[in-house]
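Written below as structure tokens is the structure these notes are about.
The values are calculated or read from the model by the stated rules, or taken from the named source; none is laboratory data. All values reported here derive from a predicted model rather than from experimental measurement. Here the Cβ is made from the backbone with ideal geometry for all residues, glycine too, and neighbour counts use every protein chain on show.
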């Protein structure tokens, strides 16, 4: 019996050593993801540590990290079997950020000025309840069945949908939330944030401060062919620059999000692998170059840069729950870290549905809205300017004029102009596990 126990212990130790050895290079990313996720989830989204750990952190290796929460300093320290330690700290107004040993937690940082004055108007233009409206052409039973079908039933945990909101002709006609989530719950949009970043450039263009067809003028690019890369190429992810977007391995994207203190300069150092406007390649590094290094050049100081996003877009259209988190260098992480509740995400979709007009004020030009929804060369009809498209029929049972903000693990704001509709779905599943074509098809079938 003692020999059996001895062999079992040896096997357990061997298994632990093997696991550590094979995963050690990833520990920066594993513990970085764990600490950042818990810090944002608890202090920004007001969720419990357990909720974040069993939901958002239920990923290979990340689930094995131990997370220690310092409520006083709003800091989370994550370790992996005591081998690697990473820290994330929450800053009011800026969200959570991974920090290194050089970071001074007591140093005062600038935060965005916000104007959250409520407007006494019904949804979507104010904080009052929407006007009761029943549409004769909406089959509410079919609609409710479609929405219910997006969620797991009984004890199943497959679809992992958290929120669904359907807006038709500016009216919420269906809304459902999973347990522990409601209309006030901030949701991490992941790459839906890219569409927010693009919109900053649309506002600048309307203000006459930029021509997105112009070259970027980045000094490091002036001695080679990269000098020809335009803002348009970057917005359309068609610059030809090298980038590997792989969340399951150590790659450009995971190293940037979990190891870089200044995420906005990573793409600057990449060489050309293709030709601008001829080589589409999805790149979060490109978006952070736009949202940080390049965008900051349009403002006199850092405070103006921080305020711009909120004053000219979020607070202007009543997206008061929005927070876009920043990196250690103070750049908005425009590729990945935008938070908003589901109703506020729908407001962003409605701004585009109404061709940039918000209750009479033109925030964006109709030409900009058309631009972001126009297929990028070499993307096979799937991508515009930081928005995904259905022009190539990716969703075969859905109108081809649909375009959307898409995020990791199935975050979506679908905009369907021909149906006067915006649909928001958030959760923890990708297309392989969730039938988004069927989800959209069934909702649209309720409109007669």
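Quick one: which of 116, 87, 141 is loosely packed, with under 13 Cβ neighbours inside 10 Å and outside any loop (DSSP other than H, G, I, E, B)?
Working: 116 fails: outside any loop (DSSP other than H, G, I, E, B); 87 fails: loosely packed, with under 13 Cβ neighbours inside 10 Å.
One residue alone meets the criteria, 141.
Of all the residues in the range 188-211, those that are in a loop (DSSP other than H, G, I, E, B) and under 23 Å from residue 324 (Cα atoms) number 4. Just one of the listed residues (111, 131) is surrounded by fewer than 18 Cβ atoms within 10 Å (Cβ to Cβ), modelled with pLDDT of 95 or more and either farther than 26 Å from residue 338 by Cα or not assigned by TED's automatic domain parsing to the domain that holds residue 427 (or both), namely 111. Here residue 221 clears all of (1) modelled with pLDDT of 95 or more; (2) within 24 Å of the chain's Cα centre (by Cα) except the condition numbered (2).
Checking the structure you have, find out if any residue of the range 307-321 is assigned to a loop (DSSP other than H, G, I, E, B) and under 14 Å from residue 192 (Cα atoms).
The initial filter retains those residues of the range 307-321 that are assigned to a loop (DSSP other than H, G, I, E, B), namely 315-321.
Now drop any that are not under 14 Å from residue 192 (Cα atoms), which leaves none.
The answer is no; no qualifying residue exists.
Return the residues of the range 325-364 that are under 17 Å from residue 235 (Cα atoms) and either assigned to a loop (DSSP other than H, G, I, E, B) or out of contact with any helix residue (DSSP H, G or I) (no Cβ under 8 Å at 6 or more places or on another chain) (or both); say none if nothing qualifies. 333, 334, 335, 336, 364, listed by residue number. Yes or no: the range 155-170 includes at least one residue that is assigned to a loop (DSSP other than H, G, I, E, B), farther than 14 Å from residue 427 by Cβ and without any contact (Cβ under 8 Å) to a residue 60 or more places away in the chain. Yes, there is a match, as at least one residue in the range 155-170 is assigned to a loop (DSSP other than H, G, I, E, B), farther than 14 Å from residue 427 by Cβ and without any contact (Cβ under 8 Å) to a residue 60 or more places away in the chain.
Given the residues 62, 134, 52, which is the only one that is under 19 Å from the mean Cα position of the chain (by Cα), without any contact (Cβ under 8 Å) to a residue 40 or more places away in the chain and more than 30 Å from residue 301 (Cβ to Cβ)? Spell out how you get there, then give the answer.
Values: 62 fails: under 19 Å from the mean Cα position of the chain (by Cα); 134 fails: under 19 Å from the mean Cα position of the chain (by Cα).
Result: 52 is the single residue among 62, 134, 52 that is under 19 Å from the mean Cα position of the chain (by Cα), without any contact (Cβ under 8 Å) to a residue 40 or more places away in the chain and more than 30 Å from residue 301 (Cβ to Cβ).
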